[in-house]
Amino acid sequence: MKYQISINKALENFIEIEAKINVNSTEIHLQLPAWRPGRYELGNFAKNIRRFKAIAKNGELLKHRKVTKDSWKIYNTSQNTEITICYEYYANQLDAGACFINLEQIYVNPVHCFMYEVGKMDETFKVTLNVPENYIIACQLPVINKTFIAQNFDQLADSPFIASATLQHKSFKFNETTFHFWFQGKHVIDLKQLELDTLAYAKTQIDIFKEMPCKNYHFLYQMLPNAFRHGVEHADSTVIAMGQGTDSLYDDFYNDLLAISSHELFHLWNIKRIRPAEMLPYDFTKENYSTLGYVYEGVTTYYGDLMLLRSGVWSWEQYAESWNNDFQRHITNLGNKNYSVAESSFDTWLDGYVVGVPERKVSIYIEGMLAAMLADLIIIKNSNGVYSLDNVMFDLYHLFYKNNIGYTENDYKMLLEKYGKESFEHYFEDIIWGKNNLIAELQNILPYFDCYIRNNKLTKTLDSENNLLFNFLLNR
Ligand SMILES: [Zn+2]
């Protein structure tokens, strides 16, 4: 399919989309995704589409009907070798996962507004932006003459782009990889410092997996004038929407930006490549239920902060402050007495991204982070610091992703047991599937690392250089 994107209706927040489709049948069935990877709930993107039309080669309108809430059939196409469809997409949601257009920029997450022909997800998709000459385009796919090509629909859906005349670009190299910063919107970030910090935590992450899976990695930063925090991961990029970029509490803002950036970079391995079996491949038409959110979000949340500590970007105090905030969320959500993290993961499709009914469920991020920490500490303790959760993640990447295999709960459990040298039966029964007793488990194991939880805060008993937890977490 060949897409053309136009910005004539930017003032009304509508993106004009046109696609040319080769025809070799009497009808064409088009599908728009019902959700986007990274947010495991239905998105109902089709509600943003208006003025859908299908046009024959001779200019006549072709009959079409919707067959589900987000798919269309176009009839009597056999007289044509090619037809054109066009529609307008309402883009007025400036966050890390949606679409936005105004007179300054067009920002698109293609999974929201691009369709594929059913049965032909593996064809190539060519996208051309009809934007002014001075617009720069940020995208993980190579852009030539305001055009990029995705090898299949999965790649297109996963390739957000920003086009604007005010986009700021900076890149730097580490070994074979070039990292790119793209900034849209006002900010006061010291880009040299950001480069040093990014390089430090990125190196630490690469060190776990022993390779960077892509040659170019793009951070697409949307800097907003209002307080905001949102990030979404992609195969070779991330979009991070943050505000307020000119905040007076600059240090807090900057540390938060690093935390979210480190989290999203870790997703490059954990979920974009290491994938639960039930999400390989993604089915864009319906819910992709998984109970493994404590791995794809929990382990990622744990490592996001840990990588900042281990790389020296964060001090122990900064790490502990972030940990304490997460722990506070754990103890104030009594949902963990009613619903497990695995069940809550399954239910993100129902109400995973709203507060929901009191005490019904837990956060896969917070519970998953603490569960990941407990698993890491068990492995480190039992192996005397020889192994850690790093080894489990390394194996998931090299033994599963590299062989194009999705992992199951049992695979993850077997790897925890391989390095933890004990049965994780109880861990899965209680922490993952039960009304967990995380606090007691952590309080049991932390003293081994010269740490404990006092007044709901992570506290060291010894100075950093003598502290076991500090040393084990840092010196891998
Ligand atoms: Zn995440």
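Annotations for the structure displayed:
- Candidate lysines for bridging to Lys186, where Cα separation is under 17 Å - those fewer than 8 sequence places away on the same chain excluded: Lys170
- For the chain, with +1 on Lys and Arg beta carbons and -1 on Asp and Glu, the positive-most of Gln31, Pro110, Leu265 along the dipole: Gln31
- Ranked packing of 348-355, 272-279, 108-115, most packed first, by mean Cβ within 10 Å: 108-115, 272-279, 348-355
- Gain upon complete extension [Asp463, Ile405; 0.36 nm per residue less C-alpha separation]: 16.5 nm
- Over region 312-438, Cα pairs under 8 Å with separation of 6+ residues give a relative contact order of 28 percent.
- Taking a ≥ b ≥ c as the square roots of the eigenvalues of the Cα gyration tensor, region 269-476 is classed as oblate, since a/c reaches at least 1.5 and a/b does not exceed b/c.
- Taken over region 2-166, the percentage of Cα pairs per 5 Å bin, counting from 0 up to the bin with the maximum distance, is 2, 8, 18, 22, 21, 16, 9, 3, 0, 0.
- Distance between modelled label sites at Gln79 and Asp251, nm, 7 Å Cα→Cβ extension: 7.3 nm
- Mean projection area, nm², convex hull over Cα of the chain: 23.0 nm²
- Calculated from backbone phi, Karplus (6.51, -1.76, 1.60) coupling profile of region 225-233 in Hz, x at Gly/Pro: x, 10, 4, 6, 7, 7, x, 9, 8
- Heavy-atom accessible surface of the chain: percent carbon and sulfur, 1.4 Å: 49 percent
- Positive-end residue of Leu61, Ile206, Asn152, charge dipole of the chain with Cβ unit charges: Leu61
- Between the helical axis of 364-382 and the longest alpha-carbon principal axis of the chain there is an angle of about 40 degrees.
- Tail beyond 24 Å, pair distance distribution of region 245-376 (Cα, percent): 34 percent
- Hull volume in cubic angstrom per residue (convex hull over the Cα atoms of region 89-235): 136 Å³
- Value of relative contact order over the chain, rounded to a whole percent, pairs C-alpha under 8 Å and six or more apart: 12 percent
- Lys, Arg +1 and Asp, Glu -1 on Cβ, resulting dipole of the chain about Cα centre, debye, nearest 20: 1320 debye
- Out-of-range pairs (alpha-carbon distance over 32 Å; input Lys73/Lys361; Lys66/Lys215; Lys337/Lys457; Lys9/Lys63): Lys73/Lys361; Lys66/Lys215
- Note on Lys435 and Lys9: the extension gain reaches 148.2 nm, defined as 0.36 nm multiplied by sequence separation minus the Cα-Cα distance.
- Spin-label pair His398-Lys215: with each label point 7 Å from Cα along the Cα-Cβ axis, the two points sit 2.4 nm from one another.
- Whether region 186-291 is rounded, prolate or oblate, judged on the alpha carbon gyration tensor where a/c under 1.5 counts as rounded: oblate
- Per-residue [θ]222 nm for the chain (sum of -39500 (n - 2.57) over DSSP H runs n ≥ 4, rounded to 500): -8500 deg cm²/dmol
- If both residues of a DSSP beta bridge must be in the chain, then about 75% of such bridges are antiparallel.
The values are calculated or read from the model by the stated rules, or taken from the named source; none is laboratory data. For clarity, every value in this text was computed on a predicted model and none was experimentally measured. All Cβ positions, even for glycine, are placed from backbone atoms using ideal geometry, and neighbour counts span all protein chains on display. All accessible areas refer to the heavy atoms of the entire protein, side chains included, with ligands and DNA or RNA removed. Shrake-Rupley method; radii C 1.70, N 1.55, O 1.52, S 1.80 Å.
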